[in-house]
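Have a look at the structure below, then the notes.
The values are calculated or read from the model by the stated rules, or taken from the named source; none is laboratory data. Since this is a predicted model, take the numbers as computed values, not measurements. All Cβ positions, glycine included, derive from the backbone under ideal geometry; neighbour counts span all protein chains shown.
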Amino acid sequence: MSATISPLAPKKYPKMPDIEGVRIATAEAGIKYRNRTDLLTMVFDAGTTVAGVFTKSKCPSAPVDFCRQNLGQGKARVLVVNSGNANAFTGNKGRASTAMTGEAAAKAAGCTPGEVFLASTGVIGEPLDAGKFSHLLAGLVKDGRPDLWPEAAKAIMTTDTYPKL
């Protein structure tokens with residue numbers, strides 16, 4: 001995917017601070033495009049609490065439903081974000097994908113699926129194949145670093161022409 005960079009893109013980006021207890025990793029999973037990062041994990045130290053604000057849509061995506069279900073436990077250990085596929089309007093296949101992702105992320109982080117949060121951005125109406133990336137989660141959880149904010153911003157780009165930091 002090659003696009004002209006917007007004239008609104010900043011000439012330089014701020015140095016984002018490390019946040020204690022947060023480790024970031026990204027990967028190329030080939031969810032929609034080849035040769036670009038499209039998978040992000042953020043791993044949080046044990047004891048991290050979570051809050052959330054969600055869409056009021058009557059037809060939320062599978063990841064939104066997954067997160068709403070987990071929010072009541074109040075704890076977060078892993079956030080997994082994919083770009084290229086929104087996993088919205090995907091019905092049972094979407095729910096199966098979130099379950100597979102949640103279980104793989106929980107296993108990788110040594111927590112319960114209830115401490116996993118998911119987000120997806122991209123094409124609507126196509127089932128998300130979690131098999132393309134669930135096997136990558138253990139390595140991402142292990143290799144996370146606190147200083148990968150620019151990489152995180154790039155991994156969640158869809159039609160953006162520059163990363164938003």
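Here are the numbers:
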item	result
Yes/no for T98 being assigned to a helix (DSSP H, G or I), polar (S, T, N, Q) and touching a strand residue (DSSP E or B) at 6+ places or on another chain (Cβ under 9 Å)	yes
Odd one out for L128 among (1) within 15 Å of N82 (Cβ to Cβ); (2) free of Cβ contacts under 8 Å to residues at least 24 places away in the same chain	(2)
Selected residue (criterion: farthest from the chain's Cα centre (by Cα)) from residues of segment 8-47 that are surrounded by fewer than 17 Cβ atoms within 10 Å (Cβ to Cβ), closer than 15 Å to V78 by Cβ and not hydrophobic (A, V, I, L, M, F, W, C)	G47
Search result, residues across segment 48-86 that are within 15 Å of the chain's Cα centre (by Cα) and of a type in the set (K, R)	R77
Residue within segment 75-91 that is without any contact (Cβ under 8 Å) to a residue 24 or more places away in the chain and on the phi < 0 side of the Ramachandran plot present	no
Pairs with Cβ under 8 Å, 6+ apart, first in segment 2-27 and touching a residue at least 24 places away in the same chain (Cβ under 8 Å) and among the aromatic types (F, W, Y), second surrounded by 14 or more Cβ atoms within 10 Å (Cβ to Cβ) and not in a strand (DSSP E or B)	Y13/P150; Y13/P163
Test for T98: is it polar (S, T, N, Q) and more than 17 Å from L40 (Cβ to Cβ)	no
Failed criterion for K58 (all others in (1) within 27 Å of S6 (Cβ to Cβ); (2) at pLDDT below 95 hold)	(1)
Boolean, A99 is crowded, with 16+ Cβ neighbours inside 10 Å and either touching a residue at least 60 places away in the same chain (Cβ under 8 Å) or under 15 Å from the mean Cα position of the chain (by Cα) (or both)	no
Count of residues meeting criterion [within 17 Å of F44 (Cα to Cα) and surrounded by 15 or more Cβ atoms within 10 Å (Cβ to Cβ)] in segment 147-157	3
